[in-house]
Ligand code: KIV
């Protein structure tokens, strides 16, 4: 297992300074955190995408801070060798700076090393307050899924020059507010490159082209467990949905045919028990484990 890069190391990790691109993946529970850690990713994002890919909602707006804390704690219990980034759910950082700091603190108490929050200049007071509580903040611009009702859906952003410039402007403002890194989601590749060139903190892209300082994907998209739709920017590295259907179908077939469990998969009774139960002739070897 590789050693975790601490947040100051992430902060200075620009590709233009000779660093390798940063690798980030979402994870929402202990087994996926163990897999991510074993694969040597730099950062695990406990994303609010959990609402859609795990909890079955149509968007991310239903998720609460308590839901997020539950998933952060599950990831943290796996003790991954990666920075754990907790996504702040919608309305957990919109009401007041006090409320924002309290919610961010709940996520750190659950095991996160830092928080991520969506939005540009409007979020600067919240970012400042969270940082004053010694909690590092990652920003998120471009397509911000919590703004789905304002944006009119999960749509590519910054297709016009003015919108592209305002993403760059937002990135600079977030850097100025002390964010240690930014996610840029679903913008044309040239805009991903412009933002990356405009700031000294790393830009982690998702649908923002190859010129960013790192890439993030949603775990279930990457392994092919989410197979209902595939955004253009997703590369599937596995066929987890089909593999799991196949495994469970096999189990169902073996159970129905009586070929599962076998003798080797059953606890054998010892001689004393077979005698006491009057089961002479049954095939026990007495080596079964209890429990
Ligand atoms: O919640 C999430 O998974 C995210 C990524 C899409 C960056 O915010």
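Laboratory data are not the source of any read-out in this text; all were calculated from the coordinates shown. Just so we're clear, the structure is a prediction, and the values are computed from it rather than from any experiment. Don't worry about glycine lacking a Cβ; one is built from the backbone with ideal geometry, like all the others, and counts go over all protein chains shown.
What to note about this one:
- Three-way shape call for segment 1-128 based on the alpha-carbon gyration tensor, with the a/c threshold at 1.5: oblate
- Exposure proxy ranking, count of Cβ atoms within 10 Å, fewest first, for 44, 127: 127, 44
- Rounded to 5, percent antiparallel among DSSP beta bridges of the chain: 5 percent
- Taking a ≥ b ≥ c as the square roots of the eigenvalues of the Cα gyration tensor, segment 45-186 is classed as oblate, since a/c reaches at least 1.5 and a/b does not exceed b/c.
- When the helices of the chain are scored as -39500 (n - 2.57) per DSSP H run of n ≥ 4 and the total is divided over every residue, the value at 222 nm lands at -11000 deg cm²/dmol.
- Spin-label zone in segment 46-84 - amide nitrogen under 17 Å from a point set 7 Å from the Cα of residue 6 along the C-beta vector: 81-84
- Euclidean distance between Cα centres, segment 90-126 to segment 165-217, Å: 20 Å
- Ascending count of other beta-carbon atoms within 10 Å, so fewest first, for 116, 172, 106, 3: 3, 172, 106, 116
- With both labels modelled 7 Å from their Cα along Cα-to-Cβ, the residue 253 to residue 273 distance reads 3.2 nm.
- Three-way shape label, the chain, alpha-carbon gyration tensor, a/c 1.5: prolate
- Residues 206, 5, sorted so that the one with the fewest Cβ neighbours within 10 Å comes first: 5, 206
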